[in-house]
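Here is the structure we will look at, set down as structure tokens.
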Amino acid sequence: MNVGTPIFFERSENYNDFTDQKKGVRFISTTYGNYIHGSWVDSESGNLFASTNPANTEEVLGHFQDSTVSDTQKAIDAAESAFPSWSAQSAIHRADILYRLIPLLAEEKNRLATIITNEVGKTFIAAQKEVEASIQALKHFSGAANRLAGETVPANDPATFTYTVQEPLGAVGVITPFNFPLGIGIYKIAPAMLAGNTVVYKPPNDTALIAVELVKLFDRAGMPAGVLNMVTGAGEVVGKEMGGNHKLKAISFTGSTAVGMELGRAVHARGGKMQAEMGGKNATIILEDADLEAAIDGIILSGMFNNGQSCTGTSRVIVPKNMTQEVTERLVQKANSLRIGNGFEDVDNGAVANEKQLNTYLHFIESAKRDGAVIECGGRRLTDHGRDQGYFVAPTVISGVTSAMEVAQEEIFGPVVAVIEVDSFDEAIDVANDVRFGLSSAIYTKDLYKAHTFVRRIQTGVTHVNVPSNHYENQLPFGGKKNSSIGPREQGSTALDFWLETKAVYLRP
């Protein structure tokens, strides 16, 4: 992906073969079980929930287990019982399973992308890109087996040999979000397993079907029973039990800040480890010397791609007063040109993922109006041209926004960008930092001094100079500051840190 080129303007060579949602995958109302100790099993509750297509809510994609505390405990027990044998395997052997997943994902790319589009609402092209990014992540993780290394340290006594070893934690929990259901599942499960841990996996109800398919692929790759277990159901039941169960030595969570903080308190209260990637209110600053076309393209890509349902997407655009009108007009022109519809059609954005996201989007539009901001474009649900059965929304640009407004402070997770004008470079950085989140940020400028000053002063865990705020690469760490993250970073050289603990050894012959 070239910097500044919106991903939704690209087309793959297989695009025309898979733009009909009746091709590739046929959705019949199938019931899917939990996956515990290598078997697909029903919940003790006997209750099910449905996953529906957000582009057509009358289409049921499948029925899934509405699991109980007891179901969750069975999955945890299965992971705990599988840990001794799995952790005793060499790291190279564990990496082989991840390596064998790579051709399976490549072989199934279009089928998996079709499921993602039907479950999440994103475009088929974006779903293909998610599968491709997942493959790249597996290449990175499967090559990391030789990095599970300790160190030798000189001892005070020459007769003593001192060194450290890295050891897995035990049974662990993984809780993932809906926006990148395949990718984030792999980003968490793969390093946890490579480190020698066994996993209990809770996917979001909105994307339970792609989670089922991911588990099936792990099974095809030769994963032993109990190493990966999956339980579907309500977060307040399954997630709460995972957070409070002392048998799970660690939890890795991606989702809202409110849920992540509550889960973190429960995990820490029992002495467990917690990693959380949570909310963001990411800012892009445009300075007067910026390549304005690249800046606008970067904001559209990061703020409106995937309907703004990206934790690193731009939702605030901070500009000097003398640029506000031009920046706003250009954003409006680009936003109005985006095509919204079924993700299998020739569109730029599909539906938002669920009714909650739709209502959140509408809430913040009304909040901005009440606070005196101006809706320059969008700001409404789209129900014409056959879109009445889905959760379609218009890309939205809001001007006249100040830092005190709710729309400038809280995560929307929708295709909404708020334009905030400032008097100086210093004020731009202060405004960018004036939120409780600190995940990602970007600046567009040709001034290296200001670029370095921005990098030094911005309070985010990920930052960009002349690069869209949602850009990431697997070889770099990922995580935020303030209320955006808890615990060690994911991905990159730090990806394994959370899943290991260090043992110090003193050896005297």
> What percent does the relative contact order of the range 282-473 come to when contacts are Cα pairs within less than 8 Å and at least six residues apart?
Replying inline: 31 percent
>> Using the Cα atoms of the range 212-314, I'd like the radius of gyration and the largest Cα-Cα distance, Dmax, both in angstrom.
In response: 19.3, 58
>> Given Cβ point charges of +1 (Lys, Arg) and -1 (Asp, Glu) and nothing else, what value in debye, to the nearest 20, does the dipole of the range 146-296 about its Cα centre take?
In response: 800 debye
> Can you list the aspartates and glutamates whose alpha carbon sits under 15 Å from that of Lys247, skipping same-chain ones fewer than 8 residues off?
Replying inline: Asp71, Asp77, Glu80
>> Placing +1 on the Cβ of each Lys and Arg and -1 on the Cβ of each Asp and Glu in the range 87-235, which of Tyr163, Asn146, Gly226 has its Cα farthest towards the positive end of the resulting dipole?
In response: Gly226
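In the range 282-473, what % of DSSP beta bridges are antiparallel (nearest 5)?
20 percent
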> Under the definition of Cα pairs under 8 Å and six or more residues apart, what whole-number percent is the relative contact order of the chain?
Replying inline: 18 percent
>> Given axes a ≥ b ≥ c from the Cα gyration tensor, I'd like to know whether the range 91-199 is rounded (a/c under 1.5), prolate (a/b larger than b/c) or oblate.
In response: prolate
> Between Gln409 and Gln73, what FRET efficiency comes out of the Förster formula 1/(1 + (r/R0)^6) with R0 = 41 Å and r the beta carbon distance, rounded to 0.05?
Replying inline: 0.55
>> I'd like the FRET efficiency for Asn322 and Asp388, computed as 1/(1 + (r/R0)^6) with the beta carbon distance as r and R0 of 45 Å, rounded to 0.05.
In response: 0.55
>> Could you work out how much longer the chain between Ala225 and Asn47 gets when fully extended? Use 0.36 nm per residue separation minus the Cα distance between them, nm to one decimal.
In response: 61.6 nm
>> Checking a compactness column here: for the range 282-473, what do you get for Rg(Cα) / (2.2 N^0.38 Å), N being the number of residues?
In response: 0.97
> Between Phe364, Ser302, Ala335, whose Cα lies farthest towards the positive end of the dipole of the range 282-473 when Lys and Arg beta carbons carry +1 and Asp and Glu beta carbons carry -1, centred on the Cα centre?
Replying inline: Phe364
> How would you rank 372-380, 195-203, highest first, on the average number of other Cβ atoms within 10 Å across their residues?
Replying inline: 195-203, 372-380
>> Let me check the size of the range 386-467 from its C-alpha atoms; what are the radius of gyration and Dmax in Å?
In response: 15.2, 51
> Among bridges DSSP assigns within the chain, what percent are antiparallel (round to 5)?
Replying inline: 45 percent
> What dipole magnitude, in Debye to the nearest 20, does the chain give about its Cα centre under +1 on Lys/Arg Cβ and -1 on Asp/Glu Cβ?
Replying inline: 1080 debye
>> Tell me the relative contact order for the range 62-195 as a rounded percent, counting alpha carbon contacts under 8 Å between residues six or more apart.
In response: 29 percent
> Using helices alone, what [θ] at 222 nm do you get for the chain, with -39,500 (n - 2.57) per DSSP H run of 4 or more residues, divided over all residues and rounded to the nearest 500?
Replying inline: -11000 deg cm²/dmol
> How big is the charge dipole of the range 259-350 about its Cα centre, in debye rounded to the nearest 20, if each Lys and Arg gets +1 on its Cβ and each Asp and Glu gets -1 on its Cβ?
Replying inline: 700 debye
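Since every read-out is calculated from the coordinates, none of them should be taken as a lab result. Owing to the predicted nature of the structure, the values given are computational and were not obtained by experimental measurement. Virtual Cβ from ideal backbone geometry, glycine too; neighbours counted across all protein chains shown.
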